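Throughout, read-outs are computed from the coordinates displayed, never taken from laboratory work. A quick note: this is a predicted structure, and the numbers were derived from the prediction, not measured. Ideal geometry is used to build each Cβ from the backbone, glycine not excepted, and the neighbour counts take in all protein chains shown.
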Amino acid sequence: MAPIQECSTRSNNFLAARDTETVLALHCEVFLGPQGPLPLTGVTHQTLSRLDADLLLCLQPKLVIMPLFTADHDATTAIERLVELGYTGPVTVIAPKLPNPRLVERELASLGLMVTLISP
């Protein structure tokens, strides 16, 4: 299990898994959390509304994972926010079955980050 570090930002306090491969999961708790169908350990779960420069500075994620769609936003909005905050690392987007997943992946990558789209 990864060591835990308390992170404090202006907008929130939380415990974060800290190791050399910190992963930030945005809106993935339902399927990647401990009770989800694909539990992933060593991940810090957050929502887009809590994503700010302080959070990125505290976590220094090596990877950000997000769904293609949520009830409130899509991956385009989240990636634009990451770019705006200065994140330059890779992003993995989890999507349902799509007719042309590579086209969607290219569109997301055109926003300025290295994007990998995972779709069945």
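Values for this structure:
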{"item": "In segment 45-71, residue surrounded by the most Cβ atoms within 10 Å (Cβ to Cβ) [restricted to those that are under 18 Å from residue 88 (Cβ atoms) and touching a Phe, Trp or Tyr at 6+ places or on another chain (Cβ under 8 Å)]", "result": "64"}
{"item": "Segment 53-70 residues that are among the β-branched types (Val, Ile, Thr), paired with ones that are part of a helix (DSSP H, G or I) and crowded, with 20+ Cβ neighbours inside 10 Å (beta carbon under 9 Å, 6 or more apart)", "result": "64/78; 64/79; 64/82; 65/32; 70/78"}
